[in-house]
1. First measure r as the distance between the Cβ atoms of K206 and A154, then evaluate 1/(1 + (r/R0)^6) with R0 = 35 Å and state the FRET efficiency to the nearest 0.05.
2. Could you check the spin-label model distance between E116 and D134? Points 7 Å from the Cα along Cα→Cβ, value in nm.
3. Of the labelled options (i) 41; (ii) 51; (iii) 33, which one gives percent of Cα pairs over 27 Å apart as computed for this structure?
4. With both bridge residues required to lie in the range 2-211, what share of the DSSP beta bridges run antiparallel, to the nearest 5%?
5. If the viscosity is 1.306 mPa s and the temperature 10 °C, what Stokes-Einstein diffusion coefficient in µm²/s follows for the range 1-126 when Rh is the Kirkwood radius over Cα pairs?
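Coordinate-derived values only; no laboratory data. Not measured: the values here are computed from a predicted model. Neighbour counts are summed over all protein chains in view; Cβ atoms, including those assigned to glycine, are modelled from backbone coordinates with ideal geometry.
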Amino acid sequence: MNVEIWSDIVCPWCYIGKRHLEAALADFAHRDEVTRIWRSFQLDPGAPAVSEGDPLDRLAAKYGMTRVQAEAAQTRVTAAAAEAGLEFHLDRARQGNTFDAHRLLHHAASLGHQDELKERLMAAYFTEGEAIGDRDVLTRLADVVGLEAVAASAVLDGDDFAEAVRGDVQTARELGITGVPFFVVDGRFGISGAQPAEVILSALRKAWSAGHPLEMAHSAASDVACADGTCPA
């Protein structure tokens, strides 16, 4: 069973949603048969490689908030992250363009390390204050999760996986995805937002049942089964 997740590295609810998905999978009986696929989505495709300035000022300007309102918004999302077991330091966040990071995630997927890199990138951004649009930073983080730094650097220096990223973004448009995280379970069940783990777990179970309908090994004779309020002796 496949779970595709459209998300952006710099989306706080995407990291929280990742933890909710992991909690749901921990309670899912068939978790070992689930493949997670991280799909690309960019909240700000026109952002520079590394954004300068105060994160609060940028947030306030982007959403037309006062600085006080922006600070309150950050406090709320930090509290939600803490409930999911995450430690956010949004005051350290160094925003930037995530296109190269998404390309690197596709590279990691081709080598079986996509989930590890996704986790490392998000932890680096939300907790450690790393500049996620800086290619040197991306190369170093890729090396940490077992991707060869030389190969990762070659990907970033070229145009590898650019079309894969654009393809994910186009598919999101076709599916009507306008916000992230967005989960698609087995191509049939969609979940919008960082829903609680129990909501995701319910979708996983529905998808599994739909994909694995019960097959009768033998039809019981009517005289050895009870039904419709009757039970023959």
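1. About 0.25, to the nearest 0.05.
2. 2.4 nm
3. (i)
4. Rounded to the nearest five, the antiparallel share is 55 percent.
5. 101 µm²/s
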